[in-house]
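The values are calculated or read from the model by the stated rules, or taken from the named source; none is laboratory data. Treat the numbers as computed from the prediction; the structure is a model and nothing was measured. We place every Cβ from the backbone using ideal geometry, glycine too, and count neighbours over all the protein chains shown.
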Amino acid sequence: MKKVLSVVMASALCLGMVTPVFAEAADADPVRVCIVYTGNLGDKSYNDSCNAGAEKAVEDFGIELKSLEGSTAQEWEANLVSACEEGYDLIIGASSNIADYIVKHGPDYPDTKFAVIDTTVDLPNVESISFAQNQGSFLAGAAAAMFTEKTDIEGVNEDAIIGWVGGMDIPVLHDFYTGYEQGAKYINPDIQILQAFAGSWSDPLKGKELTLAQYEQGADIVMNVASGTGSGILEGAKEAGLYAIGVDLNQDNDQPGSVLTSMVKRVDNACYLVIQSVVEGTFAGGTTQYLSLTEGGVSLTDFSVMKEALGDKFPQDIVDKCDELAKQIISGDIVVENYEGFGPNS
């Protein structure tokens, strides 16, 4: 049975990236780490966040790092098998899309340590790290619902309609949407939410097309949950003179004045800490870490870029309300729903 280890990372996450406590002996072989990505690096989102954590581990621990990118399921599986055959000390599946292949092939390599981010794999040589993206998305949905009422801001119409565009139609994105919908309806039970999936993590043109279509249907703010596809969502906001919400990394400056806030997931810390556990000999297979608002695993950015763009028209009440809602979630006064199969006890 899995053990839930959420508290272990609390202090590290609240402080940002942890300070290394291990110095590798000069004559020791470096720990060899391979990360299998779905999509490509350079997405300015999820994958780049994971890579940032890995690159910091290279700097701090002197590990040997290899990154395998791919855009199809066949490439993902082939990359995982290749990493297994090459005998890496740790193989990280950077997203839930890799989980099925770890389940399939992991038992054949019992001496290899695996980690998977954004989902749970119940194997004795796998450490799983998941996030309460539903909680962060609740805040994003609440912010969107409040923002769409600010008709004194240029581009905001009188319709209570907001949008949401995801990359691939997979369970973890439904957990995002579950929180987004709950947060929006907490503010306005009658709000309309438009939802679409691009079917890809690396198709900015499709992301832009879907976003512009939602604007045409009356949305004036759309949440991006699409990794590399998401750059098109943010570009669509800029082109239409409307608004978006970023994801995973702080994307507020990607299209300044068009991104209200970003829902940050500390994938960088998750990657770094699992590498650190292997370097220090504390890796614990068969465990799950669940990183919520309490641990600093998810959060909204501080709205500062939009504050600068809007000046006196910036709605400070949105920031104040989101801060209040975050405290209520942490205290348990607000319980954010999960999509089936997600949550601290899943």
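Has segment 163-172 got any residue that is part of a helix (DSSP H, G or I), touching a residue at least 12 places away in the same chain (Cβ under 8 Å) and either of a type in the set (Gly, Ala, Ser) or closer than 23 Å to SER202 by Cβ (or both)?
Scanning segment 163-172, I find at least one residue that is part of a helix (DSSP H, G or I), touching a residue at least 12 places away in the same chain (Cβ under 8 Å) and either of a type in the set (Gly, Ala, Ser) or closer than 23 Å to SER202 by Cβ (or both), so the answer is yes.
If I filter segment 146-162 for residues that are more than 16 Å from the chain's Cα centre (by Cα), modelled with pLDDT of 95 or more, among the aromatic types (Phe, Trp, Tyr) and buried (at least 18 other Cβ atoms within 10 Å of the Cβ), do I get at least one hit?
yes
Using the structure shown, decide if LEU310 is surrounded by fewer than 23 Cβ atoms within 10 Å (Cβ to Cβ), touching a Ser or Thr at 6+ places or on another chain (Cβ under 8 Å) and modelled with pLDDT of 95 or more.
Spelling it out, it is not the case that LEU310 is surrounded by fewer than 23 Cβ atoms within 10 Å (Cβ to Cβ), touching a Ser or Thr at 6+ places or on another chain (Cβ under 8 Å) and modelled with pLDDT of 95 or more.
Of all residues being polar (S, T, N, Q) and surrounded by 15 or more Cβ atoms within 10 Å (Cβ to Cβ) in segment 293-307, which is farthest from the chain's Cα centre (by Cα)? Just the residue, please.
The qualifying residue farthest from the chain's Cα centre (by Cα) is THR294.
Those residues that are small (Gly, Ala, Ser) and exposed (fewer than 12 other Cβ atoms within 10 Å of the Cβ), I need them from segment 327-346; list them, please.
Answer for segment 327-346, where residues must be small (Gly, Ala, Ser) and exposed (fewer than 12 other Cβ atoms within 10 Å of the Cβ): SER331, GLY332.
I'd like to verify a number: residues in segment 80-94 that are without any contact (Cβ under 8 Å) to a residue 60 or more places away in the chain and under 22 Å from the mean Cα position of the chain (by Cα), how many?
Final tally of qualifying residues: 3.
Assess whether VAL116 counts as being within 25 Å of GLN276 (Cα to Cα), β-branched (Val, Ile, Thr) and surrounded by 19 or more Cβ atoms within 10 Å (Cβ to Cβ).
Considered against the rule, which asks whether it is within 25 Å of GLN276 (Cα to Cα), β-branched (Val, Ile, Thr) and surrounded by 19 or more Cβ atoms within 10 Å (Cβ to Cβ), VAL116 comes out as yes.
From the residues in segment 124-142 that are within 12 Å of the chain's Cα centre (by Cα) and assigned to a strand (DSSP E or B), which one is nearest to VAL278 (Cα to Cα)?
Result: ILE129.
Might you check whether a residue that is over 26 Å from ASN51 (Cα atoms), hydroxyl-bearing (Ser, Thr, Tyr) and in contact with a strand residue (DSSP E or B) (Cβ under 8 Å, 6 or more places away or on another chain) occurs anywhere in segment 192-211?
Looking for residues that are over 26 Å from ASN51 (Cα atoms), hydroxyl-bearing (Ser, Thr, Tyr) and in contact with a strand residue (DSSP E or B) (Cβ under 8 Å, 6 or more places away or on another chain), one finds at least one in segment 192-211, hence yes.
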